[in-house]
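Here's the structure, in structure tokens; my notes come after.
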Amino acid sequence: MNNKNKKRKDTFWKEIIEVTIMPLMYFFFPQQAHKIDFSKGVRFLDKEFSELSPELSENAKGRRADKLVELVLKGGGTVWILVHIEVQGYVDANFAKRMFEYYYRILEKYGKRVTALAIFTDDSPSFHPTEYRTKLWGTELVYRYNTYKLLDKTPADFADTDNPFAVIMETVWYDLERNKLNDKDLEILKLRLIRRFLELDYSKEHIEQILLFLSFYIKFDKKESEEHFGMFRKVVDTLTEKNK
């Protein structure tokens, strides 16, 4: 993948996190997400994150998407979520250490507790760092974080049709596994996702962003792409008009 496509993928992931933050949280944190009061809004701390460590962000530019999110809990209080998505298919020996560096810099600068999530969308079966560990003469530090290795999943892991983010992850999984879907399957997959977002009262603008993200991963066959995309667009327009 060239640098231009790497940056596009990084941008798409950052946008999709913002657009789908609620279903994303329910997908990865099903036991905790119900404690979040989404009616209070969500704050994406891009400025705070960039100020943590310019050299860390610069060294990883184009290789992954990072988001720091502030969520309000029901009954008061806030939590910070570090969502870290690895989008490059190679082994990075410093990945776990970098996750720890983000954690302690957030703690040091803002005094905030953080839960971290690393979503690996790479194609290396052996790459799945889950903790940072260091020790010397009886002193030991272990930093563990949440991980999700897409390559290790099967279609059964995306069976929760009530959560549209499951369909997003399923789409990326098909691309990662190089499984070939025909045009009809692509239409069904995308329309299933759009209907779910309409039921959740997502705006047409947000749905357009989601479609753009999906189009980066799965595309119609070149020979019939124009015809199929035109038909698909009409269906989406009809659905969004009906939703209004």
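The values are calculated or read from the model by the stated rules, or taken from the named source; none is laboratory data. In this text the structure is predicted, and so the values were computed from the model without any measurement. Glycine gets a Cβ as well: all are built from the backbone with ideal geometry, and neighbour counts include every protein chain shown. Side chains are part of the model used for accessible areas, which takes the heavy atoms of the whole protein and leaves out ligands, DNA and RNA. Shrake-Rupley method; radii C 1.70, N 1.55, O 1.52, S 1.80 Å.
A few points about this structure:
- Residue match in the range 128-136 (condition: aromatic (Phe, Trp, Tyr) and either closer than 17 Å to Thr171 by Cβ or in a loop (DSSP other than H, G, I, E, B) (or both)): no
- Residues in the range 126-148 that are out of contact with any strand residue (DSSP E or B) (no Cβ under 6 Å at 6 or more places or on another chain) and closer than 13 Å to Asp92 by Cα: Ser126, Phe127, Pro129.
- Search result, residues across the range 46-81 that are within 23 Å of Asp122 (Cβ to Cβ), at pLDDT below 80 and open to solvent by less than 30 Å² (accessible area, probe 1.4 Å): Ser53, Leu56, Ala60, Gly62, Arg64, Ala65
- Residue selected from the range 98-115 under the condition aliphatic (A, V, I, L, M) and out of contact with any helix residue (DSSP H, G or I) (no Cβ under 6 Å at 6 or more places or on another chain), by the criterion nearest to Trp173 (Cα to Cα): Met99
- Scanning the range 107-127 for residues being open to solvent by 10 Å² or more (accessible area, probe 1.4 Å), charged (D, E, K, R) and not in a helix (DSSP H, G or I) gives a total of 3.
- For the range 137-158, the candidate set comprises residues that are part of a strand (DSSP E or B) and of a type in the set (Phe, Trp, Tyr); within that set, the residue that is nearest to Met25 (Cα to Cα) is Tyr148.
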